[in-house]
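The values are calculated or read from the model by the stated rules, or taken from the named source; none is laboratory data. Remember, it's a predicted structure, so these values are computed and weren't measured experimentally. Positions of Cβ are backbone-derived with ideal geometry, glycine not excepted, and every protein chain shown enters the neighbour counts.
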Amino acid sequence: MIFISQTMQEILPQLQKSLKTEDSLTFCVLNPDEYEGYAGHSVLINSQSYCYRGYKAWIDLAELLSCKMLTPRLDTYPLVKLTFVKLSIESFHTQHKHQEKYGTSSPFAQIHKMEEPAFYYYYTQALANINIAQRKSILNLGINRGDEFDVIQKSVEKSVYDSMHFVGIDHSQSAITDAKERFKSYKNMYFYTEDINNIAQLGLGKFDTLISIGTLQSPSIAFKTLFMSLVQEYLTENSSIILGFPNSRWIGGEMLYGAKVPHYAMSEMGLLLSDIMFCKKYLQQKKYRVTITGKQYLFLTATKIQK
């Protein structure tokens, strides 16, 4: 296939049709290095009109088609050859029978969110928003192997980190065992294997920072009730909060944009946005300053307004 001047309205349905029977597609387009501008601009080269699109447009298209784009290959000037390969449908989302869905031997353990720029950038931005270096006690619900704590460690001075008090909770025994081993040289870090619904029995006290990434929306949790109790019972007067809401799915080695809910073939963000807006309104009533950032994960960051 060669796409020279075709519009996206022509290209998308053609690729969708081909992918119903093929596992990969190869086609030629104008080499994006030959021009700089916005997608859809007409470029005249050797009396031939080409429709320009940057590599980002093609990568976005591959993602929408549940494919990954292989390394482009130069073709006859001024074309470049692109190949889209269907992603494997294997995902931790579908591993319901696994003994520990989020354990160290599960498909989830293969995911390293901090290596995804779209996750890491917004998480570190959230840490900056709450002025993490000024925080003294941090509670992380759904800590797994401790990646969020590791980033904090690399974001502040050692003396500051050593003065902080960290508590991480997760229901996965193997993940908590891994976290304990990972941070065993630190005396200010405590990890507990516990269902978040039962954290009252741990007698944790109060914290000036709460972090929870993609955990409070779990089906077994009464999200709104638990969130309000966390704010009321576990946070100090001048506290801060970072909540990460998944707006993505992990499939075939890729973090695909778009929240997925049962009974919808498409991405549907109604429940996601409803939860975020509930938290925002509730926290504003409690005199927090709230911001929402992110893309594949939406980060709600809140800091108590000083009196």
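Couple of notes before you dig in:
- Checked against the criterion of being in a loop (DSSP other than H, G, I, E, B) and in contact (Cβ under 8 Å) with a residue 12 or more places away in the chain, segment 228-242 has no qualifying residue.
- Condition met for SER267 (farther than 22 Å from ARG135 by Cβ, assigned to a loop (DSSP other than H, G, I, E, B), free of Cβ contacts under 8 Å to residues at least 12 places away in the same chain and out of contact with any helix residue (DSSP H, G or I) (no Cβ under 9 Å at 6 or more places or on another chain)): yes
- Among residues of segment 16-32 that are in the same structural domain as ILE59 (by TED's automatic domain parsing) and on the phi < 0 side of the Ramachandran plot, those with a Cβ under 9 angstrom from a residue that is surrounded by fewer than 14 Cβ atoms within 10 Å (Cβ to Cβ) and in a helix (DSSP H, G or I), sequence gap 6+ or separate chain, pair up as PRO32/LYS56.
- Enumeration of residues in segment 46-78 that are of a type outside the set (S, T, N, Q) and part of a strand (DSSP E or B): TYR50, CYS51, CYS67, LYS68, MET69, ARG73, LEU74
- Positions within segment 197-223 being hydrophobic (A, V, I, L, M, F, W, C), over 26 Å from ASN131 (Cβ atoms) and either in contact (Cβ under 8 Å) with a residue 40 or more places away in the chain or assigned to a helix (DSSP H, G or I) (or both), in sequence order: ALA200, LEU202, PHE223
- Candidates in segment 172-194 are the residues that are part of a loop (DSSP other than H, G, I, E, B), touching a strand residue (DSSP E or B) at 6+ places or on another chain (Cβ under 9 Å) and without any contact (Cβ under 8 Å) to a residue 40 or more places away in the chain; of these, the one that is nearest to PRO246 (Cα to Cα) is GLU194.
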